[in-house]
There are 2 protein chains.
Amino acid sequence: MEIKVLRDVLSANDGIASRNQSRLDKHGILTINVMSSPGSGKTSLILQTVGKLKGEVRIAVIEGDIASSIDADKVSQQGATAIQINTAGGCHLDANMTENALNNLPLDDIDLLFIENVGNLICPAGFALGEHKRVILLSLPEGDDKPYKYPTMFTEANVVLINKIDLLPYLDFDIASFTKTVSGLNPKVKIFQVSCKTGQGLEGWFSWLEEQIKEIKSRRGS
Amino acid sequence: MEIKVLRDVLSANDGIASRNQSRLDKHGILTINVMSSPGSGKTSLILQTVGKLKGEVRIAVIEGDIASSIDADKVSQQGATAIQINTAGGCHLDANMTENALNNLPLDDIDLLFIENVGNLICPAGFALGEHKRVILLSLPEGDDKPYKYPTMFTEANVVLINKIDLLPYLDFDIASFTKTVSGLNPKVKIFQVSCKTGQGLEGWFSWLEEQIKEIKSRRGS
């Protein structure tokens, strides 16, 4: 019975996610689901991206957290439209929460929407939100063995950002081995080495984003 | 209906957890549920503890992971009895998995049992396993704002270990502010600053463990 209920929940979620995606497509909004463990740098990545692109691209952010509005406050101060979802204990966002947030965003005035998921390397992978792309951050201090232990998240990512590359001299992290494992699980994934603190390596990420935004806009026009 | 099922699941879990704890009490085995995000240092803490105490204390470890047996292999090489539980996607251990592991451990020959939970700062907090104490690791690179965002885990901990203290010079982490927040949420919690890599600060943790082991043994004798 527990399994049947779970199946019903996931299937209802997929229906709403698909409705969200159609709505985002209609408005030409590239939507990125950003996922990682707590403290890997999701908010820092978004802050860097808003800082870099805000002149050319209209950015909004849905912030998912169990509690607090710390991240929405930061993102809003940086110049993006921000909405905070508090899951009140829930370990991931779902499509329904996302739909409620979309109802409160000015969809005609957004080109790029980040959905910052709850910090968790497991549960968010099971719940589509309506996003076009899934981006995972793995920061060096977490260790290079994580794809073996948390394979689903890595298998379903479009992009993996290896973050906190500025800490490499102080840690035992084998980038070649990590990259090989991730590419083995997911041959099409794009991998970038970055520091969201210093800005190192973010050019590739910005270019990738700009390409994706163009693609969404051209799809809308066609 | 979903909520009702969840309540049934949690209540069944509590029943099994309570049975596990009685069994562990009967054998005088101090049992510690070790929880944190992925890569905060749970396995390193256990390896350091086994290395230090294995001459005086008989240690066993239940390793919880979604996939792989990397951690059980490491712990076993260090000289502890180790059992790996693979949750096959599950985001936390539960009392039933723990009971199955206990059925496969030589309970008469163990003084200290670590249960290393799945790397997740959220879901494991909801599921008692039968442990006597809950220990949380938070490593410096995760950031000092985590207790605001993930309060439950910190509220229910007996011990919080601030790990990777050797990285302090390279990070912006306010230890005084973190400690104040955690103590505010949980006034009785013990906090240690440690490096499970260099061994720095672990003496306090070892002493705390030895006191707890004595207490369990004396309770059993009384």
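The values are calculated or read from the model by the stated rules, or taken from the named source; none is laboratory data. Being a predicted model, the structure only gives us computed values, none of them experimental. Glycine also receives a Cβ, built like all others from the backbone with ideal geometry; neighbour counts cover every protein chain displayed. The area values use the complete protein model at the heavy-atom level, side chains included, leaving out ligands, DNA and RNA. Shrake-Rupley method; radii C 1.70, N 1.55, O 1.52, S 1.80 Å.
Would you call A:VAL182 away from chain B (no Cβ under 13 Å), in contact (Cβ under 8 Å) with a residue 40 or more places away in the chain and buried (at least 19 other Cβ atoms within 10 Å of the Cβ)? No. Considering B:THR98, B:THR49, the condition of being within 25 Å of B:ASP166 (Cα to Cα) and at pLDDT 95 or above is satisfied by B:THR49 alone. Look at (1) assigned to a loop (DSSP other than H, G, I, E, B); (2) surrounded by fewer than 22 Cβ atoms within 10 Å (Cβ to Cβ) and you find that B:SER40 fails only one, number (2).
Checking each residue in the stretch A:108-128 for being over 19 Å from A:VAL50 (Cβ atoms), within 12 Å of the chain's Cα centre (by Cα) and of a type in the set (Val, Ile, Thr) picks out only A:VAL118.
Consider the stretch B:23-61 and keep the residues that are closer than 24 Å to B:THR155 by Cα and touching a Phe, Trp or Tyr at 6+ places or on another chain (Cβ under 7 Å). The one that is nearest to the other protein chains (Cβ to nearest Cβ) is B:PRO38.
Those helices (runs of 4 or more DSSP H) of the stretch B:63-179 in which 1 or more residues are at negative phi, open to solvent by 30 Å² or more (accessible area, probe 1.4 Å) and within 10 Å of another protein chain (Cβ to nearest Cβ) occupy B:70-78, B:146-149, B:151-155.
Quick check on A:LEU10: is it open to solvent by 20 Å² or more (accessible area, probe 1.4 Å), assigned to a helix (DSSP H, G or I) and among the aliphatic types (A, V, I, L, M)?
Yes, satisfied.
Residues of the stretch B:189-209 being open to solvent by 40 Å² or more (accessible area, probe 1.4 Å) and touching a residue at least 12 places away in the same chain (Cβ under 8 Å), which ones?
So the first thing to find is which residues in the stretch B:189-209 are open to solvent by 40 Å² or more (accessible area, probe 1.4 Å), and the list is B:190-191, B:193, B:197-198, B:200, B:203, B:207.
Those that are open to solvent by 40 Å² or more (accessible area, probe 1.4 Å) and touching a residue at least 12 places away in the same chain (Cβ under 8 Å): B:LYS190, B:ILE191, B:GLN193, B:LYS197, B:THR198, B:GLN200.
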